[in-house]
Each structure stands twice: as C-alpha cells, then as structure tokens.
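A short write-up of the structure that comes next.
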Amino acid sequence: MEPAWNLPDILRLLATRPGEARQALYDRADAVRREYMGDEVFLRGIIEFSNICRNDCLYCGIRASNDRVARYRLGEAEILELARRMPEHGQTTVVLQSGEAPSREGDAALARLIARIKAETPLAVTVSVGNRPREVYAAWRDSGMDRYLLRFETSDPALFARLHPDCGLAERLHCLEDLRSLGVQLGSGFMIGLPGERRETLAENILLCRGLELDMIGIGPFLAHPDTPLGGARNAYALDPDMHFLALAVTRLVNPDAHIPATTAYDALFPGSGRNLALTRGANVFMPSATPGQRRRDYLLYPDKPCVDETGDMCARCVMGRLAALNRRVGIGPGHGRRSPNVTSNPKEFQS
Ligand code: 5AD
Ligand code: FES
C-alpha cells in the first residue's frame, strides 16, 4: 500500500535542513524512482512549433504583449521532418508545444499533423498548446494524440488569478478533467517559487498532482523574464535555491509511478548541472530540444534557457553523454503513463 500523504507530512519534508538530511531525502527520491520506474530515461523530443500566443500570463516571455518577440509558426513538412529523425536518437515521443492561440484552422491543422506523425512514424504524440474546449481535445485524440501536457502552474486560486488575466484555476482544472475523461494520458505540474508563493502553496501543489492522478508531472523553477511584468520579481526561494530539488524529490515520493521530466528550467537556474541533478533526485524523463536552432531564441519563456546556441541534433547527442555519465539507460518503448496504459493502441476505443 502506498502511504496516504497529507499536508503536514509534505511540509515537514520541505523543511528538511541543508546538508546530510537533504542528501538523504534526495537519495530516497532516487531509490523510489528506481523502484517504480527503473533506470531507464525516456526521451521525448520537443518541437516548439509556434510562439504565437494570445494570452498575457504575467511571467511568460512569449506573452501576447511582448512585442520584442519575433513570432513564428513552423510548417507541417518541417515539423514532420524533425519528428522523423527522432527515433534514430532513441526518442520515442514527440512533444508538440506552442503558445495558446486557438483557431479553427490551426486546431484542424494540428489534427492533420498528429494523424500524419502517427501514420508515418512510430512515435507517441504529446500535445501542449493550452486550454481548449473538450471537443477540440476529442478531435486531437481521435487523430491519434496519446498525451497532453497542461500545467496548473499553482494550486492557489488567488495567485493563479493574479498571474493569468485570461484564465482562472477552475477553468484550467476543467480542461484537465476533460482530457482525463477522454482517456488521454495526462500531464500537469507547476512552477516552483512564483512570487507570492508560500511553502504551503508548494505543498498543496504537490498534493494536487497526486489528487489529479497524473501520468506525467512537469515542474521547474520560476525565472523572472525581463520583458514581462514580473521582470523585477524574485523567485520565492532565491535565498535557498535547493528548495527546487526538495520540491522535485518530494513530488517523486508522493507520486512514485508518475513520469517526471528533468525540465530545462533546472539548467537555467543551475547552469550545466541542473537537469543532471534532477535525474538523480526523482526525474526519469528528458526532453531534448528539436526546435530548429534559429527559432530557439524566439521561444524564451524565461531567460537563460539552455541550448539556444545548439543546432540540429546537438541536444539529441548531448543527452546520450549525460545518461552515460549518470549510469542510466535510454528508455525502450513509448514510456506510456502507468495509469492509462492502453490509450495508444487504439485511441478510438474510447468514447467521448
Ligand atoms: N519561468 C519558469 N517557467 C516558465 N514557464 C513559463 N514562463 C516561465 C518562467 N518565466 C513554464 C510554465 C508553462 C511551461 C510551458 O513553461 O509553467 O506551463
Ligand atoms: Fe541541449 Fe545538452 S541538452 S546541448
């Protein structure tokens, strides 16, 4: 039986003192990761296919009001070509991410793209393009979409409302429910250290991940982007940056069988070591960038994003060196969520 977690337990873990006690917590998270998920690291190649966004999230570098961003959208042929190259690098999932820019034509184009990727490659398809009505998600699922990523960002409704002029927390959670009910493998998560966040918020975030029974949990440090209203804000854990790893380790303990990526933002906060450390403190997934080199600079959700100078398959190759150094293997197979394992084999089986 997995333990039933409550807020005081989680708060106590998050209060672990620096030094040996923290290392012991990281080691426990690593052991739980190994026990439930093994030593395989699943590789999900991410294509940031458009930075066009109609929302104005206060923290995000590609928010609609940031007119210093050169907007782009990749064409279908280019995206397909990038996806086709993934399997030779051990990548078994393609993640299609963009800003939130709903339109009938764009959403239909994405359905066609998903269907082509499923027909022409062996890849699992994860989509991450924001809030949509249930019928749009259903159409993407019917085209072959396996998974969806949509972070709830923070579990504090007032903080959520302050940061998102275009959306409330209830609406975001509703989207997650829709996706779950459609049988799509579900990923969500939060930022760590948002200005105004308290330890209790962080603990609630971790508990909410558990409550949502997520297949994938993406978390990472908040980083202040200079061209946003939060440009001058500080990460709530600026004085104790290790909190970002405590959050990760506790997230693993509370969600032992979820796929947890070592997200890029860890490398932004801890240059050169962040993602590798994340893989030894609870994470079991890596998402190498497959976004074309010249576009990476235009997809800066936060500053100091790593890999913006790399081109072609440099990230795909770099990750192999990282895994070898950590004594970890590349995951074989799609690395589906444990909670909805049969989704890919026949997405149409599920009624909407
Ligand atoms: N710092 C850290 N993470 C950010 N994201 C967006 N802006 C920032 C920022 N300034 C994260 C959000 C979003 C994901 C795609 O990127 O959590 O869901
Ligand atoms: Fe991009 Fe190492 S992961 S260069």
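The values are calculated or read from the model by the stated rules, or taken from the named source; none is laboratory data. Fair warning: this is a prediction, and the values are worked out from it, not measured in the lab. Positions of Cβ are backbone-derived with ideal geometry, glycine not excepted, and every protein chain shown enters the neighbour counts.
Numerical summary
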quantity	calculated
In segment 64-93, the residues that are away from ligand 2 (no atom under 16 Å from the Cβ), of a type in the set (A, V, I, L, M) and over 30 Å from Pro165 (Cα atoms)	Ala77, Ile79, Leu80, Ala83
Where Ser340 falls short, out of the listed (1) modelled with pLDDT of 95 or more; (2) within 18 Å of Leu123 (Cα to Cα)	(1)
Helices (runs of 4 or more DSSP H) contained in segment 227-342 and holding at least 2 residues more than 26 Å from Ala21 (Cβ to Cβ) and in contact (Cβ under 8 Å) with a residue 60 or more places away in the chain	293-296, 314-326
Given (1) within 26 Å of Phe222 (Cα to Cα); (2) away from ligand 1 (no atom under 15 Å from the Cβ); (3) acidic (Asp, Glu), number of the condition Glu197 does not satisfy	(2)
Matching residues in segment 182-200 - criterion: being touching a Phe, Trp or Tyr at 6+ places or on another chain (Cβ under 9 Å) and either within 27 Å of Ala238 (Cβ to Cβ) or surrounded by fewer than 20 Cβ atoms within 10 Å (Cβ to Cβ) (or both)	Gly183, Ser188, Gly189, Phe190, Met191, Ile192, Gly193, Leu194, Pro195, Glu197
Test: residue in segment 316-328 that is buried (at least 18 other Cβ atoms within 10 Å of the Cβ), away from ligand 2 (no atom under 12 Å from the Cβ) and over 21 Å from Gly189 (Cβ atoms)	yes
Qualifying residue in segment 33-46 (condition: over 19 Å from the mean Cα position of the chain (by Cα) and of a type in the set (A, V, I, L, M, F, W, C))	no
Every pair of residues 6+ apart whose Cβ atoms lie under 8 Å, when the first sits in segment 132-148 and is touching a residue at least 40 places away in the same chain (Cβ under 8 Å) while the second is surrounded by fewer than 21 Cβ atoms within 10 Å (Cβ to Cβ) and among the aromatic types (Phe, Trp, Tyr)	Arg141/Phe350
Within segment 7-37, considering residues that are touching a residue at least 60 places away in the same chain (Cβ under 8 Å) and not in a helix (DSSP H, G or I), the one nearest to Arg322 (Cα to Cα)	Pro18
Residue tally, condition more than 13 Å from ligand 2 (Cβ to nearest atom) and within 20 Å of Gly193 (Cα to Cα), over segment 266-311	11
Filtered residue count, segment 213-252, keeping only those that are away from ligand 1 (no atom under 15 Å from the Cβ) and surrounded by fewer than 21 Cβ atoms within 10 Å (Cβ to Cβ)	4
Number of the condition not met by Glu76 [criteria: (1) in contact with a helix residue (DSSP H, G or I) (Cβ under 7 Å, 6 or more places away or on another chain); (2) closer than 19 Å to Val308 by Cα; (3) free of Cβ contacts under 8 Å to residues at least 60 places away in the same chain]	(2)
Any chance Leu194 is in contact with a helix residue (DSSP H, G or I) (Cβ under 8 Å, 6 or more places away or on another chain), in a loop (DSSP other than H, G, I, E, B) and touching a residue at least 12 places away in the same chain (Cβ under 8 Å)	yes
Which listed residue is surrounded by fewer than 21 Cβ atoms within 10 Å (Cβ to Cβ), within 15 Å of ligand 1 (Cβ to nearest atom) and not small (Gly, Ala, Ser), from Arg275, Arg296	Arg296
